[in-house]
Amino acid sequence: MSTIREGRKPTLQYDRSKVDLSNCDREPIHIPGSIQPHGAMLVVDPLSHVIVYASDNIRDYLGVNGAIVGEHLGVVIGSQVAHDIANTAAKSGDSHVAGVILDAKLQNGLMPTDATIHRHENRMFVEFEPSASQDDAQLALGLTQSMVRRIDRETNVDAMLGTAARIVRAMLGYDRVMVYRFLHNGAGRVVAEAKDRSLQSFLGQHFPFSDIPVQARALYLRNWIRVIGDVDFVPVPLNPPLDVGDTPVDLSFAHLRSVSPIHCEYLRNMGVAASMSISIVVDGELWGLIACHHNTPKVLSIPLRVATELFAQYFSLHLSAAETKAEHTATALARMKLNAITASITATDDINLGLSDKLREFSSLLDCDGSALMTRGKWTETGLVPSERKLEELAGYLKNKGGNAIWHENHLREVFPGQAEYGEEVAGILAIPVSMSSDSYLFFFRSEEAHTVEWAGEPTKTVVSGPSGDRLTPRGSFDTWREDVRHRSTPWTSEDIAVAEAMRSYVRDLLLHHNERTEEQRFKAEERRNILNAEMNHRVKNILALVKSISAQTGSSARTIDEFTASFEGRLRALSFAHDQSFLGKNGGEILSLLEAEAAMHRFKDRERIKLEGESVGLTERAFGVFALVIHEMMTNAAKYGSLSSPDGRLDVKWMLRPDGSCELLWAESGGPVVTPPSRKGFGSTLIDKTVEFDLGGSAELSFESSGLLARFVIPSEHHYMVVPSKNFSPDEPAVGQPLAGLAVMLVEDQGLIALDTEDVLRGLGAAEVRTLPNVVQALQSIAMAAPQCAVLDLNLGQETSEKIAVDLAKRGIPFVFATGYRDSVSIPAQFATVPVVRKPITPGALAIELAAALNK
């Protein structure tokens, strides 16, 4: 059978002589149609094991004179070795991994041969090379162990790179070994080097992106090693040539794959005769290469290449771990600082103000020249930053990019062409979207790092004339060429990005915690309002019903309009007094205060005529409301018809606790007109007789003696309690001393008129300065600017409460009192249950006592 299939016309092959730098990034280097001459190749159908392609030099290895293409693999090389090859291909499986057979026993072989086998795109590739020496085969395992052991000692990335260059050169014997790292812009830089003393050093020099085209980088990512035995090699073609419609043979994973003539010219210009590239792959990306150069042709044997491939994999993993460790170390240090920064912000109720105040401390976590924070549409800046118009432009750009990823750039002028403001002062940015739901950003800026980049030769394309005319060729000199770089900042490192990620996480946690706390406070305030509204609604309904009843009953018993007006007004006044008293504490009020207040309404201030005597007994809210009406009726009747209607009349009221726990109140009138029982029973008499019994479960007895009315009331124990006597203050009572002498006092009150009155009271108590604020935000800002020495806080400030202010004052150790018209159990936060409370309307005496208590506390 002929090596060229009959009946088909050869197709035009890719003309490698036409390749130059204008099209080398499009050269199909994975399908060159040829191999390097230091080995031979068979391409086999993996199912039938029929040979479909063979390299022109295959007979040099197989010793076969007859047909090769179209024959069964076992017929050509021997059934046993064919069986071994099939098994090896099955075991390797993945086309990325080649199986190896050392010293393959070819049935007609002309030399000792090693073979590598891999499968790719429904083809099996068998590559033959002269067998390695016995020393190489034995050396491979020890070499791998030695290389791995030395790398394992290093934990610092830079030290690891230097060690890698030295041990690869020492173990593999190349004249120069360079560790070449890809930069953010695709160019490369030599970061470590080990070389023969006679060679020019490339350490620290840069190589342009175009030196390694895109398709070459893709192959480096897919293959751990790539060997070029001799840059002056003559390619060995695969036969038969392709016909129309044939799929080119993809040699992506072939060790012997031929080399682009442009790359060979590039190496020759460097003075390199042979090379091997070891890929460094980190997190699935091509991190860089270990480039091995030799001044004379050199082919590393298969066992040593396998050892090198294992080293490449281990080194990549170890490098990845070292970089990750460096990032974690940087992040851990940043988190320690972030803990301290965010702890103080957590204590601040205005989270945006807290973040702004700590902007300089956030900036200290990164190597930057300035920073800016946008929250609630406002910018806070520190250090070197662009104008606010540019900040808005950057925020808009970031918003349009979408997503919440951190964005970093070290050449802003390239992103925004023609923007002169980007460059000398502000050249780079690292932007953190700190909120997922609003336009809040944290920007860090770096200024220009004007520097000189050293290139291995001028990184431009050179035009030369040749047999095919003018063509772009690789640079002919690799002497150091220096370029001044402007308008760029120092690039942001992976450690910088890790710190930025930590910052974003912390700030978002802060915002989330703040939102949760705000929502909880909003819920509590709403709950408190609902309780107050429910109570108020209940009270108003009860009062309206009671007023309606009083009005109807008073109207039915009154003889004239004037009598109705007087009686109705008096009863409403008594009801109002009871209502007011119910808000002075958790219970209604004292019996003594009720009697004194009712006596004062009738202008009976002569203590000789009215004698009130009894223990300090208080009435519950319900009992106080009932007795307010009862005592009003009793006092009104005494003034109109009883003892107090006469100048010489007297009233004695005594109350005491009985052994059964009830409270007994005795009412005795004397010295008035002769008393006779009423001819009819009006509303007042009915109210006295029935309400105590009906509403409280007590009793009421009236005795109309000729010398004066006698009455006895019994109040069950559940409707009264013992109280500690306290002084009652009236609005016109003088201030008790000057407990605030020389002090700066903060007053938080949202009602203007009340604030004016309270200011006067505070100044009367000696305050040297009274600072009045209407809301929480202004109060917190005032405290932050200049803390007061004490404070009076209106608890309810419209739609908010002063609880946040109280928290801030408490943390600073500043004494304060609450002012409120509500009851303790409903309005005072539990954490401030022991804080003194002054009730509205505020009197000088009451405020003096509570402030003195707060100051002494």
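Can you report the number of residues in segment 437-458 which are assigned to a strand (DSSP E or B), among the hydroxyl-bearing types (Ser, Thr, Tyr) and modelled with pLDDT of 80 or more?
Quick first cut of segment 437-458, residues assigned to a strand (DSSP E or B) only: 441-446, 451-456.
If we keep only those that are among the hydroxyl-bearing types (Ser, Thr, Tyr) too, we end up with 441, 452.
Adding the requirement that they be modelled with pLDDT of 80 or more leaves 441.
Matching residues across segment 437-458 total 1.
Every residue in segment 191-210 that is free of Cβ contacts under 8 Å to residues at least 60 places away in the same chain and either under 44 Å from the mean Cα position of the chain (by Cα) or closer than 11 Å to CYS292 by Cβ (or both), please.
ALA192, GLU193, ALA194, LYS195, LEU203, PHE209
Could you list, in sequence order, the residues of segment 189-212 that are modelled with pLDDT under 90 and under 19 Å from PHE315 (Cα atoms)?
Listed by number, the list holds a single entry, ARG189.
If you scan segment 73-100, which residues turn out to be of a type in the set (A, V, I, L, M) and buried (at least 19 other Cβ atoms within 10 Å of the Cβ)? Let's see the steps before the verdict.
Restricting attention to segment 73-100, the residues satisfying the condition of being of a type in the set (A, V, I, L, M) are 73, 75-77, 81-82, 85-86, 89-90, 97-98, 100.
Once the filter is applied, which keeps residues that are of a type in the set (A, V, I, L, M) and buried (at least 19 other Cβ atoms within 10 Å of the Cβ), segment 73-100 yields LEU73, VAL76, ILE77, VAL81, ALA82, ILE85, ALA89, ALA98.
I'm trying to understand the selection: among the residues of segment 87-121, which are more than 21 Å from VAL75 (Cα to Cα), out of contact with any Ser or Thr (no Cβ under 7 Å at 6 or more places or on another chain) and not acidic (Asp, Glu)?
The answer is LYS91, SER92, GLY93, SER95, HIS96, VAL97.
Anything in segment 634-656 that is in contact (Cβ under 8 Å) with a residue 60 or more places away in the chain and of a type outside the set (Phe, Trp, Tyr)? List them, or say none. Quick ask: steps written out before the conclusion?
Pass one, segment 634-656, residues in contact (Cβ under 8 Å) with a residue 60 or more places away in the chain: 634, 636-638, 642-643, 655.
Selection gives MET634, THR636, ASN637, ALA638, GLY642, SER643.
Determine, yes or no, whether VAL259 is closer than 22 Å to GLU323 by Cβ, hydrophobic (A, V, I, L, M, F, W, C), crowded, with 18+ Cβ neighbours inside 10 Å and in the same structural domain as ASN156 (by TED's automatic domain parsing). Step through it out loud before you land on a result.
Numbers: closer than 22 Å to GLU323 by Cβ: no; hydrophobic (A, V, I, L, M, F, W, C): yes; crowded, with 18+ Cβ neighbours inside 10 Å: yes; in the same structural domain as ASN156 (by TED's automatic domain parsing): yes.
When the stated conditions are applied, VAL259 does not pass them.
What is the number of the single condition among (1) over 13 Å from LEU319 (Cβ atoms); (2) in a helix (DSSP H, G or I); (3) at pLDDT 90 or above that MET147 does not meet?
Here MET147 clears every test but (3).
Given the residues ARG197, ARG181, ARG176, which is the only one that is charged (D, E, K, R), over 26 Å from ILE302 (Cα atoms), assigned by TED's automatic domain parsing to the domain that holds GLN313 and in contact with a helix residue (DSSP H, G or I) (Cβ under 9 Å, 6 or more places away or on another chain)?
Values: ARG197 fails: in contact with a helix residue (DSSP H, G or I) (Cβ under 9 Å, 6 or more places away or on another chain); ARG176 fails: over 26 Å from ILE302 (Cα atoms).
None of the others qualify; the one that does is ARG181.
Among the candidates SER252, SER277, which residue alone is in contact with a Leu (Cβ under 9 Å, 6 or more places away or on another chain) and not in a loop (DSSP other than H, G, I, E, B)?
SER277
Results for (1) more than 17 Å from the chain's Cα centre (by Cα); (2) buried (at least 22 other Cβ atoms within 10 Å of the Cβ); (3) among the charged types (D, E, K, R); (4) not assigned by TED's automatic domain parsing to the domain that holds ARG413, shown as yes or no for each residue.
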residue	(1), (2), (3), (4)
ARG305	yes, yes, yes, yes
SER316	yes, no, no, yes
LEU359	no, no, no, no
LEU373	no, yes, no, no
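Looking at VAL817, VAL777, can you tell me which residue is within 32 Å of the chain's Cα centre (by Cα) and β-branched (Val, Ile, Thr)?
Working: VAL817 fails: within 32 Å of the chain's Cα centre (by Cα).
Testing whether each residue is within 32 Å of the chain's Cα centre (by Cα) and β-branched (Val, Ile, Thr) leaves just VAL777.
Can you tell me which of ASP135, ASP103 is in a strand (DSSP E or B), surrounded by fewer than 17 Cβ atoms within 10 Å (Cβ to Cβ) and charged (D, E, K, R)?
Working: ASP135 fails: in a strand (DSSP E or B).
Selected residue: ASP103, the only one of ASP135, ASP103 that is in a strand (DSSP E or B), surrounded by fewer than 17 Cβ atoms within 10 Å (Cβ to Cβ) and charged (D, E, K, R).
Name the residue that is surrounded by the most Cβ atoms within 10 Å (Cβ to Cβ), counting only residues in segment 605-646 that are of a type in the set (A, V, I, L, M, F, W, C) and not in a helix (DSSP H, G or I). I'd like the intermediate steps shown before the answer.
Let us first name the residues in segment 605-646 that are of a type in the set (A, V, I, L, M, F, W, C), namely 610, 612, 617, 619, 623-624, 626-631, 634-635, 638-639, 644.
Next cut, not in a helix (DSSP H, G or I) only: 610, 612, 617, 619.
Values: ILE610: 22, LEU612: 15, VAL617: 18, LEU619: 27.
Per the stated criteria, the residue is LEU619.
Conditions first: (1) free of Cβ contacts under 8 Å to residues at least 24 places away in the same chain; (2) crowded, with 17+ Cβ neighbours inside 10 Å. MET276 passes all but one, so which condition is the exception?
Here MET276 clears every test but (1).
Determine if segment 181-201 includes at least one residue that is within 29 Å of ASP136 (Cα to Cα), out of contact with any strand residue (DSSP E or B) (no Cβ under 6 Å at 6 or more places or on another chain) and buried (at least 16 other Cβ atoms within 10 Å of the Cβ).
no
Pairs only if they're at least six apart or on different chains, beta carbon under 9 angstrom, first in segment 660-687 and over 21 Å from LEU592 (Cα atoms) and in the same structural domain as HIS632 (by TED's automatic domain parsing), second loosely packed, with under 11 Cβ neighbours inside 10 Å and among the hydroxyl-bearing types (Ser, Thr, Tyr); list them, first residue then second.
Close Cβ pairs (under 9 Å, with a partner that is loosely packed, with under 11 Cβ neighbours inside 10 Å and among the hydroxyl-bearing types (Ser, Thr, Tyr)) amount to VAL674/SER706; VAL675/SER706; THR676/SER706; GLY682/SER556; PHE683/SER556.
What are the residues in segment 259-274 that are assigned to a helix (DSSP H, G or I), within 14 Å of ILE212 (Cβ to Cβ) and in contact with a helix residue (DSSP H, G or I) (Cβ under 9 Å, 6 or more places away or on another chain), if any?
Of everything in segment 259-274, those that are assigned to a helix (DSSP H, G or I), within 14 Å of ILE212 (Cβ to Cβ) and in contact with a helix residue (DSSP H, G or I) (Cβ under 9 Å, 6 or more places away or on another chain) turn out to be ILE262, HIS263, TYR266.
Identify all residues within segment 229-247 that are at pLDDT 90 or above and exposed (fewer than 15 other Cβ atoms within 10 Å of the Cβ); write none if there are none.
ASP232, VAL234
The values are calculated or read from the model by the stated rules, or taken from the named source; none is laboratory data. Bear in mind the structure is a predicted one, so any value in this text is a computation, not a measurement. Neighbour counts run over all protein chains shown; Cβ positions are idealised from the backbone, glycine included.
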